[in-house]
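**Q** If you scroll down you'll find the structure; I have some questions about it.
The values are calculated or read from the model by the stated rules, or taken from the named source; none is laboratory data. The model shown is predicted, which means the values in this text are computed figures rather than measured ones. Quick reminder, even Gly has a Cβ in these numbers, built from the backbone with ideal geometry, and neighbours come from all protein chains shown. Please note that ligands, DNA and RNA were not included when accessible areas were found on the heavy atoms of the full protein model with its side chains. Shrake-Rupley method; radii C 1.70, N 1.55, O 1.52, S 1.80 Å.
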Amino acid sequence: MEYIVEMLNITKEFPGIKANDNVTLQLKKGEIHALLGENGAGKSTLMSVLFGLYTPEEGTIKVRGEEVVITNPNDANVHGIGMVHQHFKLVHNFTVAENIVLGYEDTKFGFLKFDDAVKKINDLSDKYKLKVDTSSLISDISVGMQQRVEILKMLYRDAEILIFDEPTAVLTPQEIEELMGIMKDLTKEGKSIILITHKLNEIKQVADRCSVLRKGKYIGTVEVENTSVEKMAEMMVGREVNFVVDKEDAKPKDTVLEVKNLTVRNHRLLKDVVKDISFEAKRGEILCIAGIEGNGQTQLVEAITGLTHVTSGNILLKGNDITKFSVREKNNAGVSHIPEDRHKHGLVLDYSLEENLILQSYFEEKFQERGFLRFDEIRQHAKKLIANFDIRSGKGPTTSARSMSGGNQQKAIVAREIDRDTDLLIAVQPTRGLDVGAIEYIHKQLIAQRDAGKAVLLISLELDEVLNVSDRIIVMYEGEAVGEFDPKKTNENELGLYMAGSKRSEA
Amino acid sequence: MINKFKYEFGFLPLFILFALVAPLIFDVNTSTGNIIYSTVLVVILFSYIGLRFKDWVVNNIIDAVFYALLFNVIFILPGFFKDNETLLSADRFVLIVMTIAFIIYKLVGKLKASKSQRLSENKTLVDLSGSVISIIIGLLFGLVIMLIFNPSQAFEGFWIILQGGFNEGFRSLGNTIYFAVPIILTGLSVAFAFRTGLFNIGASGQFTMGAFVAIFIGVKWGFIADINPLLHWFVAVFFAIIAGGIWGAIPGYLKAFNNVNEVVSSIMLNYIAMYINVLLIKKYIYNTAYNRTYDILSSSETPGLNLQHLFPNSSINGGIVVAILTVYLLHVILNKTTFGFELKAVGLNKSAAKYAGMNSKVNIVKSMAIAGGVAGLAGALTYLVAGKFLIPETVILSQGFTGIAISLLGLSSPIGVLFAGLFFGYLQQGGYYLQLLDFKPEIIDIIIAVIIYLSALSLFIQKFVIKGLKRRDDKNQQSEVIEGSDV
Ligand SMILES: Nc1ncnc2c1ncn2[C@@H]1O[C@H](COP(=O)(O)OP(=O)(O)OP(=O)(O)O)[C@@H](O)[C@H]1O
Ligand SMILES: [Mg+2]
């Protein structure tokens, strides 16, 4: 028996789209098998089929050589299949332990045997070095820890076949390192892993084999060792991909955004999360705020965009003080913002794509007349952005945002914000969850925005992106700006030292 | 530009012009004159609405003409036919045929509007079958209860319930509509709030406040009638809406600015409304002789609009017109306006709404105020009727709670609520005639409640409908593939 899981000739259709078209995937026992494909290629769908969330129209699934029918996640559990979803499925006002046990509770006389459960969780967490705090609420812990909770949830159910759907998109480089280590340990224990990721170097690092999907179709499976990163990218996109962004030198002009001694206090934690930061962003440059997640970048952006109150300091846009402006006033004054959390801020998931594309502009002349929406214009607008930004979905403008693939949701937001054509574009992790082709495209767009005379403020955790795209870099550590760099005169190591707080330049 | 011309420079002036000029050209008080006059006006008005809003309710000239005819059949012709029973019957017959034909026409149109070939993705079909199936289940449960309490008469009784609003022809139909009006409006109140992410369990309190204010004005403000007899009713209704709106805005304000759950605060406001009501009635409009409020002045009664000819001996009045207008108004607000776009966005994802620059706090207050206003309107229309009065007792009026069930049954859509409310009125009429048999009124209430609450399970039933339809879709698809391979 060679394969532990075989998905043979799977076809799964959604309204208007064949998400999987005769796809075959074979997983060997004890291997890490990468699944690669563009946004909307059907990776999450294929895995949801294996996990019992969707029933395929055609095809068979074999587990340990036997044909099985998986109609719901409980069936999947029975066969030892566990999944960490692209967007976590945790109950936010439950504790870590409660989330792990949920749906798999062990009871005695109808009472939860909670102590036993906690003990099992702690054992697992020690064994696999998955550090979690069992009694914290999910809403209080970091994304990285939430992911460890999801992994523990699978292990708690004794899963042997582990599916990771884009686990690294939301992690810091350090956390990614850890996760890679954990996955290797898991395979040593005899577990088999399917890993979805858009980051080819991660595949290089841990995966044994890699299967590629393109527009729902199966392209092929390769041995990772013998295949170059470029080759994999080409298999997936169908053309060659440029990994290095070519751009001309920036020609900074007048200042668009000026931040003066900005401080933001978190009243719950009783601490300043942004401390006395000052900088300027000029027309025609991409200024990047780099740093490890959780060092105040989020709050800095929220303060600039009006989502958080400024404790002290000033924000000037084109010379006007906008510190006290509301979000709407800031939007109108010329700020657009690709938010960090696409499901929380970026989209109304139950609105259609076209509605999401006018989320901040529905009240403009163009889209309304005396308070009545102009549906024809809205449709035209959506069609234009869908074509320009290659947003793929089942039903075009009327697709509900919820049913779109993660990467295409992101593309929709990027399209909307760039299209708003403002003087300042704030992009927080704009390429999170995008495939290499789409990343290339978004980077080109950011540079085009810069060249069109806008100020671009890029917040990114990815050092590649930081070094490749930006014209100037400010590193944030614990809420402070600890150094400013020219990307051409610095490197990953130097930035890393500043980001980790072991070095700082005195301004 | 062309659109602008059509809308602003085309229809509205045309409407006003015709309204003013026509009476000078021909006598609008003769039957033909009156019919022509109203037909033309309604056609112009609805063509305008249809073109302006591009809405499935009114979307082409056929609709506009149809509504004009319906308008005549309901409001104009009975006025002329009132002394001739044969003509009235003919009119009723035409009304029934037109209504049925139109509902089928609209339904088919809506069913066909789905772009997907697959039945399971046809939202209208799924919604509709879900509701129909759950109503059938509800009715069957009603039958079971009847079998338990009164086995010998259960089937006879069940037949009476099924006949509902048709038990006594147009009389009971009129009463069906009359009883449906308040329920449609409270259902609308709950549904509107729900669509914007709020649970308005306080419709009872808002209803009570509206009712009190309406009666108060109906009893005390006779001086308005001296200015213009119609004005009295309008003023009473207006202030009832304001009162309900304030009562709704309070929990909205607490929710938006102090993060107080609207469910808790509006339940408390139900009680507060109840006690205030007792207090104020006793203080201002208490008829001690009968232990109830004074009768309202006849000038403040809801106008009948000729409906009493069509539905003889029934209690029907113009309230249904107000209810339908409100349904359409809220439908348009929710689906066609930037205001509705904001309200729904705030309800669906508060953080995203904030990110988009919408003022979610103010929107929450506005939404609750509107919901409250509609419930207040329900209170006014219930009590601005001759012979209706409030009793100063400490009981929470039930209409608000029925509204919750109606909102569920109507799937929180204004148009759905309209039909759900009529269904409720229909059952209530059935229950009324059930008293002819040996059923106690309490049992009848239980039966109706069971039917309504089970019918409201349609969301749950929909899941099964989708499953069933999917299976059919897959079969169809397979046969298509086979056919295709022959070629
Ligand atoms: N529940 C659904 N209803 C309708 N269409 C869907 C649904 N889920 C996915 N789709 C469509 O199926 C296609 C494949 O989506 P899927 O989520 O599998 O992509 P993916 O490969 O995981 O992409 P990404 O890298 O962006 O996450 C997309 O076009 C998407 O719009
Ligand atoms: Mg995906």
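**Q** Going by the structure shown, is A:Asn295 more than 9 Å from chain B (Cβ to nearest Cβ) and farther than 30 Å from A:Gln86 by Cβ? Give the steps one after another, and end with the answer.
**A** Numbers: more than 9 Å from chain B (Cβ to nearest Cβ): yes; farther than 30 Å from A:Gln86 by Cβ: no.
So A:Asn295 does not fit the description; no.
**Q** Here's another thing I want to ask about it. Can you say whether A:Thr45 is in contact with a Lys or Arg (Cβ under 7 Å, 6 or more places away or on another chain) and either hydroxyl-bearing (Ser, Thr, Tyr) or away from ligand 2 (no atom under 16 Å from the Cβ) (or both), as far as the supplied structure shows?
**A** Numbers: in contact with a Lys or Arg (Cβ under 7 Å, 6 or more places away or on another chain): yes; either hydroxyl-bearing (Ser, Thr, Tyr) or away from ligand 2 (no atom under 16 Å from the Cβ) (or both): yes.
When the stated conditions are applied, A:Thr45 passes them.
**Q** Identify, by number, the condition in (1) more than 8 Å from chain A (Cβ to nearest Cβ); (2) touching a His at 6+ places or on another chain (Cβ under 8 Å); (3) not small (Gly, Ala, Ser) that B:Leu381 doesn't meet.
**A** Here B:Leu381 meets the rest and fails (2).
**Q** Search the stretch A:384-395 for residues being modelled with pLDDT of 90 or more and closer than 10 Å to A:Leu353 by Cα, and hand back the single one that is farthest from ligand 2 (Cβ to nearest atom).
**A** The residue in question is A:Ile386.
**Q** With the condition kept exactly as written, say whether any residue in the stretch A:6-23 is outside any loop (DSSP other than H, G, I, E, B), polar (S, T, N, Q) and within 14 Å of ligand 2 (Cβ to nearest atom).
**A** Looking only at the stretch A:6-23, we keep the residues that are outside any loop (DSSP other than H, G, I, E, B), and these are A:6-14, A:17-23.
From what's left, polar (S, T, N, Q): A:9, A:11, A:20, A:22.
Filter once more, so that each one left must be within 14 Å of ligand 2 (Cβ to nearest atom): A:20.
Yes, the stretch A:6-23 has at least one match.
**Q** Kindly provide the set of residues from the stretch A:82-91 that are more than 16 Å from ligand 2 (Cβ to nearest atom) and surrounded by fewer than 14 Cβ atoms within 10 Å (Cβ to Cβ), ordered by number. Talk me through it step by step, then tell me what you get.
**A** Here is the first cut: in the stretch A:82-91, the residues more than 16 Å from ligand 2 (Cβ to nearest atom) are A:82, A:90-91.
A:Val91, the sole residue that qualifies.
**Q** Related question: Failed condition for B:Gln117, given (1) of a type outside the set (Ser, Thr, Tyr); (2) more than 14 Å from chain A (Cβ to nearest Cβ); (3) open to solvent by 50 Å² or more (accessible area, probe 1.4 Å), with all others met?
**A** With respect to (1) of a type outside the set (Ser, Thr, Tyr); (2) more than 14 Å from chain A (Cβ to nearest Cβ); (3) open to solvent by 50 Å² or more (accessible area, probe 1.4 Å), B:Gln117 is out only on (2).
**Q** Now, a different point. Does the stretch A:304-316 hold any residues that are outside any loop (DSSP other than H, G, I, E, B), more than 10 Å from A:Val259 (Cβ to Cβ) and more than 10 Å from chain B (Cβ to nearest Cβ), and which are they?
**A** Step one: list which residues in the stretch A:304-316 are outside any loop (DSSP other than H, G, I, E, B), which gives A:304-305, A:312-316.
Among the residues that remain, those that are also more than 10 Å from A:Val259 (Cβ to Cβ) are: A:305, A:312.
A:Ser312 - this is the single residue of the stretch A:304-316 that is outside any loop (DSSP other than H, G, I, E, B), more than 10 Å from A:Val259 (Cβ to Cβ) and more than 10 Å from chain B (Cβ to nearest Cβ).
**Q** Taking the stretch B:63-88, which residues are more than 19 Å from B:Asn317 (Cα to Cα) and either outside any loop (DSSP other than H, G, I, E, B) or open to solvent by less than 70 Å² (accessible area, probe 1.4 Å) (or both)? Please lay out each step first, then the result.
**A** Let us first name the residues in the stretch B:63-88 that are more than 19 Å from B:Asn317 (Cα to Cα), namely B:63-69, B:83-87.
Answer for the stretch B:63-88, where residues must be more than 19 Å from B:Asn317 (Cα to Cα) and either outside any loop (DSSP other than H, G, I, E, B) or open to solvent by less than 70 Å² (accessible area, probe 1.4 Å) (or both): B:Asp63, B:Ala64, B:Val65, B:Phe66, B:Tyr67, B:Ala68, B:Leu69, B:Asn84, B:Glu85, B:Thr86, B:Leu87.
**Q** Being open to solvent by less than 40 Å² (accessible area, probe 1.4 Å), within 14 Å of another protein chain (Cβ to nearest Cβ) and part of a helix (DSSP H, G or I) is the filter here, so list the residues in the stretch B:121-179 that pass it.
**A** Residue satisfying the conditions is B:Val126 alone.
**Q** I would also like to ask the following. Search the stretch A:455-480 for residues being part of a loop (DSSP other than H, G, I, E, B) and touching a strand residue (DSSP E or B) at 6+ places or on another chain (Cβ under 6 Å), and hand back the single one that is most open to solvent (accessible area, probe 1.4 Å). Don't jump to the end; show me each part of the working.
**A** Step one: list which residues in the stretch A:455-480 are part of a loop (DSSP other than H, G, I, E, B), which gives A:461-462, A:470-471, A:478-479.
Now restrict to residues that are touching a strand residue (DSSP E or B) at 6+ places or on another chain (Cβ under 6 Å): A:470-471, A:479.
Numbers: A:Ser470: 2, A:Asp471: 30, A:Gly479: 0 Å².
It comes out as A:Asp471.
**Q** Continuing with the same structure: Can you name the condition, by its number, that A:Glu494 falls short on among (1) of a type outside the set (Gly, Ala, Ser); (2) surrounded by fewer than 17 Cβ atoms within 10 Å (Cβ to Cβ); (3) under 24 Å from the mean Cα position of the chain (by Cα)?
**A** (3)
**Q** Further question on the same structure: Of all helices (runs of 4 or more DSSP H) completely enclosed by the stretch B:320-403, which ones contain at least 2 residues that are among the hydrophobic types (A, V, I, L, M, F, W, C) and either open to solvent by 40 Å² or more (accessible area, probe 1.4 Å) or at positive phi (or both)?
**A** Values: elements: B:338-348, B:350-355, B:360-383.
So the answer is B:338-348, B:360-383.
**Q** Continuing with the same structure: Do we find a residue being within 16 Å of ligand 1 (Cβ to nearest atom) and open to solvent by 30 Å² or more (accessible area, probe 1.4 Å) anywhere in the stretch A:177-199?
**A** Checked the stretch A:177-199: at least one residue is within 16 Å of ligand 1 (Cβ to nearest atom) and open to solvent by 30 Å² or more (accessible area, probe 1.4 Å).
**Q** Name, by its number, the condition in (1) open to solvent by 30 Å² or more (accessible area, probe 1.4 Å); (2) within 30 Å of A:Glu57 (Cα to Cα); (3) of a type outside the set (Val, Ile, Thr) that does not hold for A:Pro173.
**A** (2)
**Q** For B:Ser266, are the conditions met, namely being outside any helix (DSSP H, G or I), in contact (Cβ under 8 Å) with a residue 12 or more places away in the chain, in contact with a helix residue (DSSP H, G or I) (Cβ under 9 Å, 6 or more places away or on another chain) and open to solvent by less than 50 Å² (accessible area, probe 1.4 Å)? It would help to see each step written out before you state the result.
**A** Details: outside any helix (DSSP H, G or I): no; in contact (Cβ under 8 Å) with a residue 12 or more places away in the chain: yes; in contact with a helix residue (DSSP H, G or I) (Cβ under 9 Å, 6 or more places away or on another chain): yes; open to solvent by less than 50 Å² (accessible area, probe 1.4 Å): yes.
It is false that B:Ser266 is outside any helix (DSSP H, G or I), in contact (Cβ under 8 Å) with a residue 12 or more places away in the chain, in contact with a helix residue (DSSP H, G or I) (Cβ under 9 Å, 6 or more places away or on another chain) and open to solvent by less than 50 Å² (accessible area, probe 1.4 Å).
**Q** Need pairs with beta-carbon distance below 9 Å; first residue of a type in the set (Phe, Trp, Tyr) and within the stretch A:74-97, second within 16 Å of ligand 2 (Cβ to nearest atom) and open to solvent by less than 50 Å² (accessible area, probe 1.4 Å); sequence gap 6+ or separate chains.
**A** Sorted first by the residue in the stretch A:74-97, then by its partner, the pairs are A:Phe88/A:Gln147; A:Phe88/A:Glu150; A:Phe88/A:Val170.
**Q** Quick check on my filter: what residues within the stretch A:46-81 are open to solvent by 20 Å² or more (accessible area, probe 1.4 Å) and outside any loop (DSSP other than H, G, I, E, B)? It would help to see each step written out before you state the result.
**A** Of the residues in the stretch A:46-81, the ones open to solvent by 20 Å² or more (accessible area, probe 1.4 Å) are A:51, A:53-60, A:62, A:64-69, A:71-75, A:77-79.
Within the stretch A:46-81, A:Glu58, A:Gly59, A:Thr60, A:Lys62, A:Glu66, A:Glu67, A:Val68, A:Pro73, A:Asn74, A:Asp75, A:Asn77, A:Val78 qualify.
**Q** Just to verify a result, which residue in the stretch A:58-73, among those that are under 12 Å from A:Leu8 (Cα atoms) and within 14 Å of chain B (Cβ to nearest Cβ), is nearest to ligand 2 (Cβ to nearest atom)?
**A** Per the stated criteria, the residue is A:Gly59.
**Q** Residue pairs, Cβ under 8 Å, 6 or more apart or interchain, first in the stretch A:32-48 and away from every other protein chain (no Cβ under 14 Å) and without any contact (Cβ under 8 Å) to a residue 12 or more places away in the chain, second in a loop (DSSP other than H, G, I, E, B) and near ligand 1 (Cβ under 6 Å from one of its atoms). List them.
**A** Nothing qualifies.
**Q** Please identify the pairs in which a residue from the stretch B:2-25 that is closer than 13 Å to B:Arg52 by Cβ has its Cβ atom under 8 Å from the Cβ atom of a residue that is at pLDDT 85 or above and surrounded by 10 or more Cβ atoms within 10 Å (Cβ to Cβ), counting only partners at least 6 apart or on another chain.
**A** As it stands, the answer is B:Phe15/B:Leu41, since those pairs meet every condition given.
**Q** List the number of the failed condition for A:Asn22; all other conditions in (1) within 14 Å of another protein chain (Cβ to nearest Cβ); (2) in contact with a Ser or Thr (Cβ under 6 Å, 6 or more places away or on another chain); (3) within 8 Å of ligand 1 (Cβ to nearest atom) hold.
**A** (3)
**Q** Continuing with this model, one more query. For the structure I just gave you, tell me whether B:Lys354 is over 18 Å from the mean Cα position of the chain (by Cα), in contact (Cβ under 8 Å) with a residue 40 or more places away in the chain and within 14 Å of another protein chain (Cβ to nearest Cβ). Working first, answer last.
**A** Values: over 18 Å from the mean Cα position of the chain (by Cα): yes; in contact (Cβ under 8 Å) with a residue 40 or more places away in the chain: no; within 14 Å of another protein chain (Cβ to nearest Cβ): yes.
Spelling it out, it is not the case that B:Lys354 is over 18 Å from the mean Cα position of the chain (by Cα), in contact (Cβ under 8 Å) with a residue 40 or more places away in the chain and within 14 Å of another protein chain (Cβ to nearest Cβ).
**Q** Across the stretch B:407-420, what is the number of residues that are at pLDDT 90 or above and in a helix (DSSP H, G or I)?
**A** Final tally of qualifying residues: 8.
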